[in-house]
Each structure stands twice: as C-alpha cells, then as structure tokens.
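Novice: I have a structure here, written as structure tokens, and I will follow up with some questions on it.
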Amino acid sequence: MLLNSSPSPTKDLEQAKLDLTKYGFCLVPEVLNPQEIELAKKRLLEQAEAEEELGLSFRDGGAEQEIKITDGRVDKASFSTSNGGVNQRLWMLANKGQCFRDMVTHPLVDDLVGHVLGEDFILSTHSANIAKPGGVRMGLHTDQWWMPQPVKAGEDYIKPSEISRSAASSFIEPNLSLGISPPVVANCMWMLSNFSSANGSTEVVAGSHLTGAHPNQEDQSTYPIIQPEAEAGTLMVFDGRLWHGTGANTGNSDRLGVLTTFCSPQFRQQENQTLGLDRDLWDECSEKLKTRLGFKVWNAYGRIESSMDYLIDIEPKRIKELKPNKK
Ligand SMILES: O=C(O)CCC(=O)C(=O)O
C-alpha cells in the first residue's frame, strides 16, 4: 500500500529500522557533524570543478537534454552541459577522497544497511549528485529494477537479461498472489546541504517497497510523491525497492548529495570497484573497506583461484597456461 506520510528524522536506531521496514526509508539527523559536512562539501566541489575543467563532467537532468543513440548505443557526449545537461554526477567516489571512503564503512551503514541486507554486503556504486537549479525530475525508479519477479512454476517469465529499465507491464502490475521479491539493494543518501522540495530533495513514495510493483515510467502523476525535507548532515537510508528519484530543482542553490549504494554479494556491482580502485590506495584500505569494495570471496564467488582464499589481492597471482617440467 502506498502511504501518504513520511517518517520523522530520528536518532533512535530502533525507530529508524522500524521506519525502514514500514516506509521503505528512514532519516537519521546529524550523522555528519559540521566539520565533516564542510570537509565533504569542499572535497566534492573541488572534484566537481576539476572534472568540469578537464571535460570529464557527467551532466544529466536537463529539460532540453537529448540523449542521442548512435548504432544502438547511448552516445556519451549526450551527458554534457553543451548538450543541455544540468545536474553534475560524480562517480567512483571511493577513489576521490578519504571522507567518501569513510562513508562506505560508517558504523551506521553497518547497522541500517545491515538491517535490510544482512551482515555481508558490498558497494555497488558510490556517486554524488549535485542537483542544480533548472534540473528536472529524474523520474521514479527502483534501485533493483533488474530483479526478476516471482513466477508461477512452469509458466512463462521475462528472461533475466531481457528485463529493462522501462518496466514491463508485469512489473508495473505484478501478480501479488506470487509474493514479492525481497530487497537485495539498499541505498544511503548523505545530505551535504539542506534538502527541500525547492532544491530537488529526493522524491520518494512511502510504502512502495512493499507493493512488489515498479513505478510506471510513462505516467507518475497519480503517485503520492513525498520530498523529505532535512538538514545537511542527515543520512537517509532506503530499501532498494523504494520508488524514488531526484526532484526538480526550482530554487537557486545547488543540492549536494552523496549516494552510497550497496547490494548483497551475489549481485553485480554497478561500478566495477575491484578493477576501478586506484591502485595507490590499496595499502591504506582496511580489511573492512576491501570487503565492502568486493575483494572478499563470498561462498566461492568473486574468487580467482582457490575458493578458500578469503580476500583476493589487487594484483592477484594469475596461474597461466603451464606445462610440466618432466616431459
Ligand atoms: O539524487 C537523488 O536524489 C536520487 C538519485 C537517484 O535516484 C539515482 O541516481 O538513481
């Protein structure tokens, strides 16, 4: 059932877990103190400016932005200011500052993401979204749109590799007698500025995580969308099934948010954290961070050779084609 109310920000973690279960999200205020907010903001804005200067900046959310498809592939150049992009996205934050790496291993993440996914989970994507004035609604979606729906034994199903972001009708109106999929993703939004409906606070539909349905991509006008208003330093944790998306920024200031998305260890990470990690950071990564980045073998998955290896190395020993010496 879709709800028309929002949980209040709370520092009581038991209440936050109840909120996550009921509403699909919770808000914990003052998780980052004023110094931590300033540090993360400074690092983010510096990085954003440098990426812009170097032509590396990724922009979306433009009202007139046209996403070009060339030879069946999305043209990367579509995501630029010259093509009408507005909101600036920064990816692979694990490489871009200690303040961001600290978010991945934060004790509240253990507790609240662990409440949704269990003890073992890995970083799927660590990104920032600077929602800028003029940016339009992203549109509601879930963070596990690719999750196969429950099916009746022996009946036809959508082949897993053919599931698309545009949500087939069986995803929009699922057969609830078959049950619903559990969460396999949980997301953290670290608010680095005050979030309001004017500056594009994340749109959410409370209770949507328990409907088994995905939002209709064509028409979202009837959904009871809420935009939580909260102070900088607040952490919003949400269930991967929750309908959500960036709101339109109709104000005149940037909304700064960092999204740390986790998935359970049997799913593919959105950013390739193990290949993408800056090699120079390896020696300073704690075992906990390495585990979160996906270097820990999970029930023999993610290994290179022996399934008994606990962590894989960043420069693993690769056993190549061999021949015995004796012959
Ligand atoms: O920026 C936000 O508020 C949410 C962003 C989001 O939903 C996404 O990037 O998938």
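We did not get these values from a lab; they are worked out from the coordinates using the rules stated. In this text, all values refer to a predicted model and were calculated from it rather than measured experimentally. Every residue, glycine among them, receives a Cβ derived from its backbone with ideal geometry; neighbour counts consider all protein chains shown.
Novice: Note down the relative contact order for the range 238-327 as a percent, whole number, built from C-alpha pairs under 8 angstrom at least six residues apart.
Specialist: Over the range 238-327, the number comes to 18 percent.
Novice: Could you tell me which of rounded, prolate or oblate describes the range 193-266, using a ≥ b ≥ c as the square roots of the eigenvalues of the alpha-carbon gyration tensor, with rounded for a/c under 1.5 and, failing that, prolate when a/b is larger than b/c and oblate otherwise?
Specialist: oblate
Novice: Which of rounded, prolate or oblate describes the chain when judged by the alpha-carbon gyration tensor and an a/c cut-off of 1.5?
Specialist: The shape class here is rounded.
Novice: Take residue 313 and residue 156, extend 7 Å from each Cα along the Cα→Cβ direction, and tell me the distance between the two endpoints in nm.
Specialist: 5.2 nm
Novice: Please report 190, 91 as a ranked list, fewest other C-beta atoms within 10 angstrom at the top and most at the bottom.
Specialist: Fewest to most other Cβ atoms nearby, the residues stand as 91, 190.
Novice: Please arrange 78, 201 by counting, for each residue, the other beta carbons lying within 10 Å of its beta carbon, fewest first. Numbers along the way, then the final one.
Specialist: Values: 78 19, 201 24.
Fewest-to-most ranking of 78, 201: 78, 201.
Novice: Another one. Got the relative contact order for the chain handy, in percent, Cα pairs under 8 Å and 6 or more residues apart?
Specialist: Reported as a whole number, the value is 24 percent.
Novice: Are there any GluC sites (Glu not before Pro) in the range 135-233 that are in a DSSP loop and have at most 10 other Cβ atoms within 10 Å? List them by number.
Specialist: 155, 218
Novice: Can you show me the helix-derived [θ] at 222 nm for the chain, built from DSSP H runs with n ≥ 4 at -39,500 (n - 2.57) apiece and divided by the number of residues, rounded to the nearest 500.
Specialist: -5500 deg cm²/dmol
Novice: For 171, 195, which order do you get if you count the other beta carbons within 10 Å of each Cβ and list the fewest first?
Specialist: Listing 171, 195 from fewest to most nearby Cβ atoms yields 171, 195.
Novice: Next question. Starting from the Kirkwood Rh over alpha-carbon pairs, what translational D in µm² s⁻¹ does the range 166-299 have by Stokes-Einstein at 4 °C and 1.567 mPa s?
Specialist: This corresponds to a translational diffusion coefficient of 75 µm²/s.
Novice: Considering only lysines 8 or more places apart in sequence, or on different chains, count the pairs in the range 64-159 whose C-alpha atoms sit under 23 Å apart.
Specialist: 5
Novice: Next question, about the same structure. What's the FRET efficiency of residue 76 with residue 146 using the Cβ-Cβ distance as r and R₀ = 22 Å, to the nearest 0.05? Could you put the intermediate results ahead of the total?
Specialist: Numbers: r = 22 Å, r/R0 = 0.98.
The pair residue 76/residue 146 has a calculated efficiency of 0.55.
Novice: May I pose another question? Peptides 118-125, 137-144: what's the order by average Cβ count within 10 Å, highest mean first?
Specialist: Top to bottom by mean Cβ count within 10 Å: 137-144, 118-125.
Novice: Choose one of 85, 181, 208: the residue whose Cα lies farthest towards the positive end of the charge dipole of the chain (beta-carbon charges +1 Lys, Arg; -1 Asp, Glu; about the Cα centre).
Specialist: Of the options given, the answer is 181.
Novice: I'd like to know which of 263, 274, 65 lies farthest towards the positive end of the charge dipole of the chain, counting +1 on Cβ of Lys and Arg and -1 on Cβ of Asp and Glu.
Specialist: 274
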